[in-house]
1. Find the relative contact order for segment 26-202 and round it to a whole percent, using C-alpha pairs within less than 8 Å whose residues are 6+ positions apart.
2. Which of the peptides 156-164, 85-93 is most tightly packed, and how do the rest follow, going by the mean number of other Cβ atoms within 10 Å of each residue?
3. Skip the ligands, DNA and RNA, and give the accessible area per residue of segment 26-202 with a 1.4 Å probe, whole Å².
4. Less than 28 Å apart at the alpha-carbon level, and either on another chain or at least 8 residues along: which lysines does that give for K101?
5. Subtracting the Cα-Cα distance from 0.36 nm times the residue separation, let me have the gained length for N94 to L69 in nm, one decimal.
6. Give me the percent of the accessible area of the chain that comes from carbon and sulfur atoms, probe 1.4 Å, all protein chains in place.
Amino acid sequence: MQGAVDSTPVVTGHEVAAHEEHQDLRVLGLITFLCSEFLMFAGFFAVFLVFRGSNAQWPPEETEVELLLPAVNTLILVSSSWVINLGTKAIKANDLAGMRKWFGITAAMGAVFLAGQVYEYMNLGYGLKTNLFSNCFYLTTGFHGAHVFIGLVLILGVLWRSRRANHYSDIAHTGPEMAEIYWHFVDVVWIVLFTLIYLLTLI
């Protein structure tokens, strides 16, 4: 109709820049959140060290920890950080199939880690309320396991969203980046946890 006003929105350079800034702020928000989560883990670690220093025998005889399975789990989780990074690099190179492959492998490794942790719990021979050490052990490792599960859900979410055409590409990859950052956080926390609860306990 002649004289009608064109209502099609015009995307300006300023709006594009604002959109990109929003993506950056999302990543910054995630990093800020993870810093607060690390403080929570630091509290667990501090309590564990205080109890370790104030008890002559730590852990007590009936609550000794196993090293082999957690060591294998550690190798799996540390390796998965390298694998998920390959996935992010792939999507930044506009290789969607590569991202799906590496993120899928990471998800499988995360699932194996959780299965190993459940198997460990089932075969330790003591429970949450056995003594002070077992209470610290289950709360700390369980809290971390919950974070691994959340990270696994994030990775699966990225894989699900990647089914949409052009949802992720070399210029739109904030989702995979955020999943990777979260997964690295889970990995770093586990390295500290493994050192304190498993390695130092055996010294």
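The values are calculated or read from the model by the stated rules, or taken from the named source; none is laboratory data. Owing to the predicted nature of the structure, the values given are computational and were not obtained by experimental measurement. We place every Cβ from the backbone using ideal geometry, glycine too, and count neighbours over all the protein chains shown. Heavy atoms of the whole protein, side chains included, go into the accessibility calculation; ligands, DNA and RNA do not. Shrake-Rupley method; radii C 1.70, N 1.55, O 1.52, S 1.80 Å.
1. Relative contact order for segment 26-202 comes out at 34 percent.
2. Listed from highest to lowest mean packing, they are 85-93, 156-164.
3. 50
4. Result set, ordered by chain and number: K89, K92.
5. Length gained, N94 through L69: 5.2 nm.
6. It is 66 percent, rounded to a whole number.
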